[in-house]
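Novice: Starting off with a structure, shown below.
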Amino acid sequence: MKAVLEVIDISKDFGGLRALNELSLTVNSGEIVALIGPNGAGKTTFFNCVTGIYTPTEGQVYLHDAKGQKHLLNGKKPHSITGLGMARTFQNIRLFNGMSVLENVMIGRHCRTRAGILGAVVRDRRTRQEEQECIDRSYALLERVKLQDAWNETAHNLPYGAQRRLEIARALATEPRMLLLDEPAAGMNPQETNELKELVFSIRDDQRLSILLIEHDMGMVMSLSDRIYVMEYGSCIATGSPAEIRANPRVINAYLGEIDA
């Protein structure tokens, strides 16, 4: 299998605190990979290093594009990494709450549009055509996450689970090859979690995406993931299939406890 995301021995220090310690991870084409661990293990710090919010103190992060070219992400700005084909959601939902549902998704299209300030002023045929294409693609993504009927609703008026789906739609609007989901099921009830799981499967299968997620819902992790990495105190303590992770004594002691069959 071909790698899409390749992380090699990254560490991150905050003053005298080492939040990540020589952590390596690979996500291959079409895989769903989970990153789990107790609160404070460094999972979100890892996401922030991968997506350009933080620069790793040591190690390398690479994103492979559709042509197989390998791009070093260290030191790149988040918008540049998004342009290369990586998108993410956040543990705490970050929507433009005063804008409409459709407008939130359209903002995600910004990195794929070409019209500049001049085009916005003169509104020539090319600019109008691009704007209509942006609307059409954004609406199609709302249909994808079953929010099309709420397209004109203000984002902050959506129920919690719908806001989570809207954030995923906005990430998909950037046309990623690699999608990072930071606790997408947080705060959801069992029905919403099951619907989210089906959505993630369909996104992977229909759009041929690779997905890396942080999640505390172990039932979802075990049923959704192809492979799992387990973190503790900034280091990776185990990696393997769901069955291997479920049976790993160190993982059970560190995090999982007993999981109902």
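Novice: Taking the conditions exactly as written (at positive phi, out of contact with any helix residue (DSSP H, G or I) (no Cβ under 8 Å at 6 or more places or on another chain), in contact (Cβ under 8 Å) with a residue 40 or more places away in the chain and not polar (S, T, N, Q)), does E183 satisfy them or not?
Specialist: It is true that E183 is at positive phi, out of contact with any helix residue (DSSP H, G or I) (no Cβ under 8 Å at 6 or more places or on another chain), in contact (Cβ under 8 Å) with a residue 40 or more places away in the chain and not polar (S, T, N, Q).
Novice: Now for a separate question. What number goes with the only condition from (1) in contact (Cβ under 8 Å) with a residue 60 or more places away in the chain; (2) assigned by TED's automatic domain parsing to the domain that holds S80 that R170 does not pass?
Specialist: The number of the failed condition is (2).
Novice: Quick check: anything in segment 93-101 modelled with pLDDT under 90, in the same structural domain as L180 (by TED's automatic domain parsing) and within 23 Å of D217 (Cβ to Cβ)?
Specialist: no
Novice: Right, here's the next one. Condition first: surrounded by fewer than 19 Cβ atoms within 10 Å (Cβ to Cβ), more than 15 Å from A173 (Cβ to Cβ) and of a type outside the set (D, E, K, R). Now tell me which residues in segment 62-83 satisfy that.
Specialist: Of everything in segment 62-83, those that are surrounded by fewer than 19 Cβ atoms within 10 Å (Cβ to Cβ), more than 15 Å from A173 (Cβ to Cβ) and of a type outside the set (D, E, K, R) turn out to be Y62, A66, G68, Q69, H71, L72, N74, G75, P78, S80.
Novice: Continuing with this model, one more query. What are the pairs with Cβ atoms under 7 angstrom where one residue, in segment 63-81, is without any contact (Cβ under 8 Å) to a residue 60 or more places away in the chain and the other, located anywhere, is surrounded by fewer than 10 Cβ atoms within 10 Å (Cβ to Cβ) and part of a helix (DSSP H, G or I)? Sequence gap at least six, or different chains.
Specialist: From segment 63-81, no pairs qualify.
Novice: Just name the residue that is farthest from S223 (Cα to Cα) out of those in segment 4-25 that are surrounded by fewer than 22 Cβ atoms within 10 Å (Cβ to Cβ) and touching a Lys or Arg at 6+ places or on another chain (Cβ under 9 Å).
Specialist: Checked segment 4-25; the qualifying residue farthest from S223 (Cα to Cα) is R18.
Novice: Out of all the residues in segment 191-201, is one or more at pLDDT below 95, more than 21 Å from the chain's Cα centre (by Cα) and not hydroxyl-bearing (S, T, Y)?
Specialist: yes
Novice: Please enumerate the residues belonging to segment 16-44 that are free of Cβ contacts under 8 Å to residues at least 24 places away in the same chain and in a strand (DSSP E or B).
Specialist: Passing the criteria: L17, T26.
Novice: Pick out the one residue from G37, G30, G52 that is more than 27 Å from S241 (Cβ to Cβ) and of a type in the set (G, A, S).
Specialist: From the options G37, G30, G52, the qualifying one is G52.
The values are calculated or read from the model by the stated rules, or taken from the named source; none is laboratory data. The structure displayed is predicted, hence computed values, not measured ones. As a convention, Cβ positions derive from the backbone with ideal geometry for all residues, glycine included, and neighbour counts pool all protein chains shown.
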